[in-house]
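*Asks:* One structure, as structure tokens, below. Some questions next.
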Amino acid sequence: MAARRLSSLLTRSFSASLLHSPVSESLLQKNPHKLWCVPGRISGLRRNINRYSTAAAVEELITPQVEVNYTQHLINGQFVDAASGKTFPAYDPRTGEVIARLAEGDAQDINRAVSAARKAFDEGPWPKMPAYERCRILLRFADLVEKHSNELAALETWNNGKPFEQSAKSELPMFVRLFHYYAGWADKIHGLTVPADGDYHVQVLHEPIGVAGQIIPWNFPLLMFAWKVGPALACGNTIVLKTAEQTPLTALYVAKLLHEAGLPPGVLNVVSGYGPTAGAALASHMDVDKLAFTGSTETGKTVLELAARSNLKPVTLELGGKSPFIVFEDADVDKAVELAHFALFFNQGQCCCAGSRTFVHERIYDEFLEKAKARALRRTVGDPFKKGVEQGPQIDVEQFEKVLRYIRSGIESKATLECGGHRLGSRGFFIEPTVFSNVEDDMLIAKDEIFGPVQTILKFKDIDEVIRRANRTTYGLAAGVFTKNVETANRMMRALRVGTVWVNCFDVFDAAIPFGGYKMSGTGREKGIYSLNNYLQIKAVVSPLNNPAWI
């Protein structure tokens, strides 16, 4: 789900000095009129903020009713300090203030965690345990998460900035569902007996792959934990998981609950820290048998290289996207506008598969544009703990400033800024929902993954043109198609070079639906039956038969 956004292997967290500075003032002061005003569409800073009725809401924040109890690494079933004794801060993106300080992992901590995972796999009970017992532990864990769901949702929102209602009503229930799903698979993984030419008995065994290294992102910390940990445990593996440095809190909490559910020590180890130290050490570790990473395409290349240069461990990658959302002329415009709005702005636009290139047929383009602009202006931005808020802050100052740079790029490349484009409030990392029209394919805002609340609306003439333009990208994660015509839908679902095509819907993430990309959006699939293949080795066993009754 997908950069970026993620636990970058190369990018460190922002500095404390930046947190207490007016992070966007440099952008505003350089040329405020050039940044915020477009010929024919005047939207000065003061006037535009007044048009967003929730601008003041970000100044009146609710104090989360949850405590931070777990800040150390979890290694071999115990919470421990970093070997170096160092700590690093986790921030509240609503304010830029420190929530807690956590153990800062490096290569020494990764080595300790991998050693624990290796011993648990080679000598411990987990891979030898009857599969039904593994199933029962995962089910007990899901029940514990459900019991603690309010605390987890509050912690997720506090550390990430996503709306509490999204955390509590969508993501926590999906987390529980995912572990129910993988618990159900634990005792249904089996091999095959296959025929061979000659008097031979041939078995194909599906074995756990061993120690799995996993690096998860900051945009969906809990769900990405479930996407990776669930199938790995169901298959009987042990794990070393590195959290995103921006959002380490909920992974530590749920890892503690997994041990309460009966997970043996060493089976799941969680290390928090930065990419260049902890992440690189995990990716290049010689005793890790498998690596899974969700993050930016650029960082994914580095992860793949580190894995190859070490022990050539197999790697699953879920990377960036620039997904087209295509609205045909027969569409119900009101429904299409709402769905396109959701496809882009969901999770503050910090979603790997966001419908970030909105292609609209020329016959309905003007109507769609005006309604899309009106919907963006109605979007409720503010404290994510407040009921009814649709959009919270961006994750950190780095992402915040990146989005503002792309907005400036869009204006400089002569796209039309229809609305938004400003910082909202005087603290935290809030950005107004932004809509650009008259966007061309060669503009950076149409090519790059912005990972923020910036909708780009492009015009097309016919189906052949839009197929060609939609596929003209290095990415291939997902696409949306909005049409009433079955023939159009059938043609599009086969023509688009992406891992997921949503027809008249978007962001449907059922536990059984595989997710992954074509091209530079990654390799392998997560969720569903296909995710199990990432954590299994295939072994053929051949033995001769002496005078068999049948072969």
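The values are calculated or read from the model by the stated rules, or taken from the named source; none is laboratory data. From a predicted model like this one, the values you see are computed outputs, not experimental measurements. Neighbour counts are summed over all protein chains in view; Cβ atoms, including those assigned to glycine, are modelled from backbone coordinates with ideal geometry. Surface accessibility is based on the protein's heavy atoms, side chains included, excluding ligands, DNA and RNA. Shrake-Rupley method; radii C 1.70, N 1.55, O 1.52, S 1.80 Å.
*Asks:* Can you order the peptides 67-78, 215-226 by their average number of other Cβ atoms within 10 Å per residue, highest first?
*Replies:* Highest-to-lowest ranking by the protection proxy: 215-226, 67-78.
*Asks:* Continuing with this model, one more query. Of 86/290; 402/447; 371/484; 402/519; 373/484, which pairs sit farther than 26 Å apart, going by alpha carbon to alpha carbon?
*Replies:* Over 26 Å apart, Cα to Cα: 86/290.
*Asks:* Would you mind putting 423-432, 195-204 in packing order, based on average other-beta-carbon counts within 10 Å, highest first?
*Replies:* Those peptides, ordered most packed to least, come out 423-432, 195-204.
*Asks:* Going Cα to Cα from residue 147, which aspartates and glutamates come in below 14 Å? Please leave out same-chain ones fewer than 8 positions away.
*Replies:* Straight-line reach from residue 147, under 14 Å: 260.
*Asks:* For n ≥ 4 DSSP H runs only, could you compute -39500 (n - 2.57) per run for the chain, divide by its residues and tell me the 222 nm figure to the nearest 500?
*Replies:* Mean residue ellipticity, 222 nm, calculated: -10500 deg cm²/dmol.
*Asks:* Using only Cα atoms, locate the centre of the range 420-447 and the centre of the range 379-403, then give the distance between them in Å, rounded to an integer.
*Replies:* Comparing the Cα centres of the range 420-447 and the range 379-403, I get a distance of 13 Å.
*Asks:* From the alpha carbon gyration tensor of the chain, can you work out the equivalent ellipsoid semi-axes (sqrt of 5 times each eigenvalue) and give them in Å, largest to smallest?
*Replies:* Whole-Å semi-axes of the equivalent ellipsoid: 41, 29, 19.
*Asks:* Sequence gap at least 6, Cα distance under 8 Å: using those rules, report the relative contact order of the range 324-511 to the nearest whole percent.
*Replies:* 27 percent
*Asks:* Just to confirm a number: summing +1 for Lys and Arg and -1 for Asp and Glu over residues other than residue 314 whose beta-carbon lies under 13 angstrom from that of residue 314, what do you get?
*Replies:* +1
*Asks:* Summing +1 for each Lys or Arg and -1 for each Asp or Glu, what net charge is found among the other residues whose Cβ lies under 12 Å from the Cβ of residue 185?
*Replies:* After counting each charged neighbour, the total is +2.
*Asks:* Something else: Give, in whole angstrom and from largest to smallest, the semi-axes √(5λ) of the equivalent ellipsoid of the range 276-359, with λ running over the eigenvalues of the Cα gyration tensor.
*Replies:* 38, 11, 9
*Asks:* Sticking with this one: What is the log10 of I(q)/I(0) for the range 324-511, computed with the Debye formula using one identical point scatterer on each Cα and no solvent, at q = 0.10, 0.15, 0.18 Å⁻¹?
*Replies:* Log10 I(q)/I(0), no solvent term: -0.36, -0.83, -1.20.
*Asks:* Follow-up question, since we're still on this one. Using only alpha carbon pairs under 8 Å that are at least six residues apart, calculate the relative contact order of the range 411-551 and give it in whole percent.
*Replies:* Relative CO of the range 411-551 lands at 14 percent.
*Asks:* Principal axis extents for the range 210-261, Cα atoms only, whole Å, descending order, please.
*Replies:* Answer, in whole Å and largest first: 29, 22, 15 Å.
*Asks:* Right, here's the next one. Taking the highest mean first, how do the peptides 480-491, 268-279 order by number of other beta carbon atoms within 10 angstrom per residue?
*Replies:* 268-279, 480-491
*Asks:* Output ³J(HN,Hα) for the range 508-521: one whole-Hz value per residue in order, computed from phi by the Karplus curve 6.51 cos²θ - 1.76 cosθ + 1.60 with θ = phi - 60°, and x for Gly and Pro.
*Replies:* In residue order, the calculated couplings are 8, 10, 5, 4, 8, 8, x, 9, x, x, 8, 6, 8, 8 Hz.
*Asks:* Can you run phi through the Karplus equation (6.51, -1.76, 1.60; θ = phi - 60°) for the range 252-259 and list ³J(HN,Hα) in whole Hz, with x for Gly and Pro?
*Replies:* Result, rounded to whole Hz: 5, 5, 6, 5, 5, 5, 4, 6.
*Asks:* How much accessible area per residue does the range 324-511 have, counting only protein heavy atoms and a probe of 1.4 Å, in square angstrom?
*Replies:* Roughly 34 Å² per residue, with all protein chains present.
*Asks:* How charged is the neighbourhood of residue 105? Take every other residue with its Cβ under 11 Å from the Cβ of residue 105, and add Lys/Arg as +1 and Asp/Glu as -1.
*Replies:* -2
*Asks:* Could I ask something else about it? For the range 420-551, give the share of DSSP beta bridges that are antiparallel, in percent and rounded to the nearest 5; count only bridges with both residues there.
*Replies:* Among the beta bridges of the range 420-551, antiparallel pairing accounts for roughly 20 percent.
*Asks:* Reachable aspartates and glutamates from residue 313, Cα under 14 Å, same-chain residues fewer than 8 places away excluded?
*Replies:* 287, 289, 305
*Asks:* Output the relative contact order of the range 271-399, whole-number percent, from Cα pairs under 8 angstrom with separation of 6+ residues.
*Replies:* 18 percent.
*Asks:* I'd like the antiparallel share, as a percent to the nearest 5, of DSSP beta bridges with both residues in the range 324-511.
*Replies:* Close to 15 percent.
*Asks:* Share of the chain's accessible area from carbon and sulfur, percent, 1.4 Å?
*Replies:* Here it works out to 52 percent.
*Asks:* May I pose another question? I want the antiparallel fraction of DSSP beta bridges within the chain, as a percent rounded to 5.
*Replies:* Looking only at bridges with both residues in the chain, the antiparallel portion is about 45 percent.
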